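Every read-out reported here was derived from the displayed coordinates using simple, explicitly stated rules and does not represent laboratory data. As the structure is a prediction and not an experimental result, all values here were calculated from the model. Ideal geometry is used to build each Cβ from the backbone, glycine not excepted, and the neighbour counts take in all protein chains shown.
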Amino acid sequence: MTENDLTPDYIAERVERLQGESAFAILSKANELEAKGMNVIHLEIGQPDFKTPENIIDAAKEAMSDGYTGYGPTLGYNELREAVADYVKEYKNIDATKDNVVIVPGGKPTMFFTMLTLVEPGDEVIYPNPGFPIYESCIKFARGIPVPMPLTADNDFRPDVEKLKSLITPKTKLIIINNPGNPTGGIFEKEDILAIADILKDRPDIFVLSDEIYDRLMYDGETISIASIPEMRDRTLVLDGFSKTYAMTGWRIGYCVANVDIIKKFEMIMVNSVSCTCSFTQMAAVEALKGPQYSVVEMKNKFKERRDWLVNALNEIDGIKCCMPRGAFYAFPDISSFGLSSKEFADRLLEEEGIALAWGTSFGEYGEGHIRISYATSLENLKEAVERLKRFTLKLKNEKA
Ligand SMILES: Cc1ncc(COP(=O)(O)O)c(C=O)c1O
């Protein structure tokens, strides 16, 4: 029986089309086991294990004292919208003004608002699979047709541009890019982005949602924002925010950069849903963008050190293959040789060894055979997790023998 079978009749059908995020479900199961006394290593949640930098916290305190405690403008304070426009020019080479910017409460609202704004029932939306589960959920909510773009380990989780081309039909309305990607850590190389823009030259009716929330956490390779290509600018919606880059997941603040007509519709959705994004948080976000950036660099260096250690250690385990993720803070190893589904593998790993992590199919059907390890935790925890993983995989091998 699925969760929806238990839903009472009075619940509207549209909300039954929404699906959740497994990382939160795994976290609550892990918490239950911890309450029973089990020692659990948490590798499931996608949030930096670093504190928000002090200068940003101080800016929020100051803004509260200065009276930024009431409603603010629906699209966000001009000071922040301007700071975002300058930031995307500097870091993403996107030509934007404050009029192209809306401040929203987190990265996720841009996904939801994009579907509400652009997708008509029956429109096809191409999205990365394995990919962030909320894409598919929001597409279905808008009655769009989700069309998975498979990302595979043989291709380092880069898009197969020819395959992507073959997925485009007269009904295609939107393509979602997530670069660097969750859960794979793969990137769309610059040449992939240029090739996609080239394919879309003849289809000016297709829009792109470019989720760039991890773009400051990229360790190797070269990429660009598709919105930096002049012909693509007006039909790209850039999703970004403060959660990952500045370790601000709980502050709930992000932004979308898009053409002015789209921004006006986002304004309507904001008015009808949350009114505005938290006022003092916006002032802290100005400090995040304009203040010193060394904490971002330090965090990235730490993640890189962990990535290098973890991926090498995983590849030394008999039966596990892991390609080197180039960005974000996830590894997505192949565990298919053990003959369990990715969910069975993850469930048993939690129950038998106390390692909480997400299974591949929670990111779509093409995630089968993989698990997602978030290395947003200490090297010490990762070392202990690898020891437990070695013990667990040996046990699986003995069971099979
Ligand atoms: C690919 C991707 N996009 C967007 C988000 C959402 O970010 P936020 O927490 O700011 O809503 C996440 C969070 O995990 C993510 O992994």
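Observations on the model:
- Amide proton proximity set for residue 104, modelled H, under 5 Å, gap of 5+: 254, 255, 256
- As a ratio to 2.2 N^0.38 Å, the alpha-carbon radius of gyration computed for the stretch 112-153 takes the value 1.11.
- The gain in end-to-end length when the residue 166 to residue 268 segment is fully stretched comes to 33.2 nm, 0.36 nm per residue minus the alpha carbon separation.
- Angle between the chain longest axis and helix 279-290 axis [Cα atoms, degrees, rounded to 10]: 80 degrees
- Counting only DSSP beta bridges whose two residues both lie in the chain, roughly 45 percent are antiparallel.
- Overall, the anisotropy analysis places the stretch 42-88 in the prolate class: the square-rooted eigenvalues a ≥ b ≥ c of its C-alpha gyration tensor yield a/c not less than 1.5, with a/b exceeding b/c.
- Using the alpha carbons alone, the radius of gyration of the chain stands to its Kirkwood radius in an Rg to Rh ratio of 0.96.
- Sorting 334, 58 by the number of Cβ atoms found within 10 Å of their own Cβ, with the fewest placed first, yields 58, 334.
- Taking the Cα centre of the chain as reference, the dipole from Cβ charges on Lys and Arg (+1) and Asp and Glu (-1) amounts to some 120 debye.
- Taking amide H as placed 1.01 Å from N in the peptide plane, the amide H of residue 207 sits under 5 Å from that of 174, 175, each at least 5 places away or on another chain.
- Nearest-ten-degree value, helix 342-353 long axis tilted from longest Cα axis of the chain: 70 degrees
- Packing, as the average of other Cβ atoms within 10 Å across residues, places the peptides 278-288, 11-21, 68-78 in the order 278-288, 68-78, 11-21, highest first.
- Whole-angstrom gap from the stretch 334-401 to the stretch 237-262, using each part's C-alpha centre: 31 Å
- Integer Hz, Karplus 6.51/-1.76/1.60 couplings in order for the stretch 105-116, x for Gly and Pro: x, x, x, 4, x, 4, 4, 5, 5, 4, 5, 5
- Toward the positive end of the charge dipole of the chain, with +1 on the Cβ of Lys and Arg and -1 on the Cβ of Asp and Glu, the farthest Cα among 218, 71, 37 is that of 37.
- For the stretch 98-136 versus the stretch 150-194, the spacing of their alpha-carbon centroids is 16 Å.
- Amide H partners (placed H, <5 Å) of residue 355, local residues excluded: 41, 350
- Across the stretch 313-325, rounded Karplus estimates of 3J(HN,Hα) from the backbone phi angles (6.51 cos²θ - 1.76 cosθ + 1.60, θ = phi - 60°) give 5, 5, 5, 7, 7, 4, x, 10, 10, 9, 7, 6, x Hz, Gly and Pro being marked x.
- Pairs beyond 30 Å (Cα-Cα), from 61/265; 300/321; 92/173; 51/190: 61/265; 51/190
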